[in-house]
Amino acid sequence: MRILVIGSGGREDAIAWKLQQNPRVEEIIIKSSSLSIEELLKIAKEEKIDFTMVGSEELLVKGIVDAFEKENLKIFGPNKQAAMLEGSKAFSKDFMKKYGVKTAKYENFKNSKEALAYIEKQDYPLVVKASGLAAGKGVIICQSLEEAKKAVQEIMVDKVFQDAGAEVVIEEFLEGVEASILSITDSKVILPFISAKDHKKIGEKETGLNTGGMGVIAPNPYVTEKVSEAFQKDILEPTLRGMKEEGMKFAGIIFFGLMITKKGVYLLEYNMRMGDPETQAVLPLLESDFLEMLEDALEGNLDANKIKWSKDSSCCVVLASGGYPVSYQKGYEIHGLDKIENHVFFAGVKKENRKYYNNGGRVLNIVATGANLEKAIEKAYRDIEKVSFQDSCYRKDIGTLYFPVIEI
Ligand code: AMP
Ligand code: GLY
């Protein structure tokens with residue numbers, strides 16, 4: 001089989017690594033997600049691709065799955081209708097409300113005057129979100145009415161996120177601990193993967209600016225049995241019911257972004273693709289065949305008994321360029337890659353004459369698994385200490401739990 005993976009980050013490197021384990025795979029071609037659907041269609045035909053997997057959300061929301069299917073090309077992922085669950089927060093919140101998926105209270109606004117009138121009467125903190133895709137930057141947590149006014153002004157009037165801000169979701173602030181649960185669906189069942197915990201901030205103890213993710217542990221220690229049960233009943237089951245009633249038929253990933261609070265487990269958002277860097281930590285724990293699982297989903301034949309997860313834990317630490325997420329220099333040679341004993345996935349790396357250089361903000365993902373979380377963390381850090389380039393940096397506290405487990 002010839003496989004096309006679209007996207008060139010650490011997530012896609014991990015996807016390709018896992019797909020490669022299937023003996024039927026002859027070649028995997030990785031192409032950038034900045035190409036257009038037309039260009040990718042052309043590549044898929046020219047390269048005689050048998051199976052395509054898309055890493056990030058933009059092309060899914062634009063309808064790449066519909067375009068490939070129209071040409072009878074096999075592709076895994078949500079069609080345009082289902083991708084709206086990620087592509088429009090207003091749509092996904094209305095879907096959650098309609099089908100009783102537990103989520104923060106909210107209102108949607110297309111008119112900035114109405115939004116401004118609404119925020120006058122709310123409690124703070126309050127969350128203001130651009131409804132459309134904004135590369136993970138469209139969510140503003142406002143501590144006061146003044147901040148909320150500024151957020152509405154920037155998103156709706158100044159249009160800092162362009163069309164993504166034509167509509168906003170304004171919602172209740174939830175206090176708790178986040179968890180990422182990826183899952184696979186064939187629209188008949190949704191089968192959850194091992195839970196994960198992302199570390200979004202650049203600074204230790206979750207301080208400083210937001211990033212694309214500086215590390216992940218899996219499973220997520222806050223996802224206790226009770227939390228899993230609440231997730232199943234309050235989120236997964238009503239989501240599946242909603243998909244069926246809305247006639248959403250697709251094979252794809254649903255990544256549930258959860259907030260675990262004292263009042264139960266809430267759904268913050270759906271992502272209709274795998275997480276980055278969640279994927280890098282979760283796939284090394286998958287013992288069964290990944291390609292077969294994706295093919296089963298496409299055939300409407302997902303079988304929980306065929307999917308086997310390791311009992312181990314996993315830790316992914318991201319090596320970033322100094323200055324990320326603001327500004328950073330590219331082109332420094334990376335040293336020590338040959339000394340890594342665990343997994344290394346390439347995110348922002350350029351290879352030239354058998355040498356490797358940093359070529360992005362997040363550069364490498366080091367991933368280790370171990371019999372328990374402490375062992376996985378220790379192994380990942382032992383490896384990352386061996387790799388460096390000028391000004392390279394990483395968080396030293398991936399997997400440190402700053403909050404006690406929440407009793408729900
Ligand atoms: P989203 O893109 O909706 O997942 O939001 C991005 C991030 O903003 C989440 O991962 C949370 O850290 C935070 N966030 C979003 N919605 C809320 C909320 N209602 N309460 C508290 N934090 C939130
Ligand atoms: N790690 C969060 C995301 O992929 O959206």
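In region 48-134, which GluC sites (Glu not before Pro) are in a loop and have at most 11 other Cβ atoms within 10 Å, using DSSP for the loop call? Don't skip to the end; give the middle numbers.
Values: sites: Glu57, Glu58, Glu69, Glu71, Glu86, Glu107, Glu114, Glu120; in loops: Glu71, Glu120.
Sites meeting the loop and neighbour criteria: Glu71, Glu120.
Evaluate E = 1/(1 + (r/R0)^6) for Lys62 and Lys386, where r is the Cβ-Cβ distance and R0 equals 51 Å; express this FRET efficiency to the nearest 0.05. For R0 = 51 Å, the calculated efficiency reads 0.80. Of the trypsin sites (Lys or Arg not before Pro) in region 304-357, the ones in a loop by DSSP (not H, G, I, E or B) with at most 11 other beta carbons within 10 Å are Lys308, Lys311, Arg354. Rounded to the nearest Hz, the phi-derived 3J(HN,Hα) couplings of region 314-329 under the Karplus curve 6.51 cos²θ - 1.76 cosθ + 1.60 (θ = phi - 60°) are 9, 9, 10, 10, 9, 9, 10, 7, x, x, 4, x, 8, 8, 7, 8, where x marks glycine and proline. With bins 20 Å wide beginning at 0, the percent of Cα pairs of the chain falling in each bin runs 26, 61, 13, 0.
By the Kirkwood approach, averaging reciprocal distances over each pair of separate Cα atoms, region 273-408 gets a hydrodynamic radius of 16.6 Å.
Using 20 Å as the cut-off for backbone N distance, which residues of region 291-322 belong to the label zone defined by a point 7 Å from the Cα of Val189 along Cα→Cβ? Only 291-311 pass the distance filter. Calculate log10 I(q)/I(0) of region 333-408 for q = 0.13, 0.14, 0.22 Å⁻¹, where I(q) comes from the Debye formula with a single equal point scatterer on each Cα and nothing for solvent. For region 333-408, the Cα-only Debye profile gives -0.46, -0.52, -1.02.
If only the Cβ of Lys and Arg carry +1 and only the Cβ of Asp and Glu carry -1, the dipole of the chain around its Cα centre is close to 260 debye. What whole-number distance in Å separates the alpha-carbon centres of region 77-107 and region 1-24? Using only Cα atoms to place each centre, the spacing works out to 29 Å. For the pair Glu71 and Glu225, the difference between a 0.36 nm per residue extended length and the Cα-Cα distance amounts to 51.0 nm. Counting neighbouring beta carbons within 10 Å and listing from fewest to most, the residues Cys393, Cys142 come out as Cys393, Cys142.
For Ser288, Ser183, the sequence from fewest to most other C-beta atoms within 10 Å is Ser288, Ser183. The orientation-averaged projected area of the convex hull spanned by the Cα atoms of region 136-201 comes to 6.7 nm². Note on region 250-335: Cα convex hull, mean projected area over all directions, 9.7 nm². Residue by residue, region 341-347 carries 3J(HN,Hα) couplings of 9, 9, 7, 10, 10, 8, 10 Hz when phi is fed to the Karplus relation 6.51 cos²θ - 1.76 cosθ + 1.60 (θ = phi - 60°); x denotes Gly or Pro.
Note on Met53, Met274: ascending count of other Cβ atoms within 10 Å places them as Met53, Met274, the fewest first. Only four residue types carry charge here, +1 at the Cβ of Lys and Arg and -1 at the Cβ of Asp and Glu. Report the dipole size of region 291-408 about the Cα centre in Debye, rounded to the nearest 20. It works out to roughly 540 debye.
Taking 1.567 mPa s as the viscosity and 4 °C as the temperature, the Stokes-Einstein diffusion coefficient of region 168-299 based on its alpha-carbon Kirkwood radius rounds to 83 µm²/s. Each part reduced to its alpha carbon centroid, region 281-304 and region 119-163 end up 38 Å apart. When only the Cβ of Lys, Arg, Asp and Glu is charged (+1, +1, -1, -1), the dipole of region 107-184 relative to its Cα centre reaches about 260 debye. FRET efficiency for the pair Glu120 and Lys396, taken as 1/(1 + (r/R0)^6) with r the Cβ-Cβ distance and R0 = 30 Å, rounds to 0.10.
Each reported figure results from applying straightforward, stated rules to the coordinates on display, with no laboratory input. This structure is a prediction, so every number in the text was calculated from the model and none was measured. Quick reminder, even Gly has a Cβ in these numbers, built from the backbone with ideal geometry, and neighbours come from all protein chains shown.
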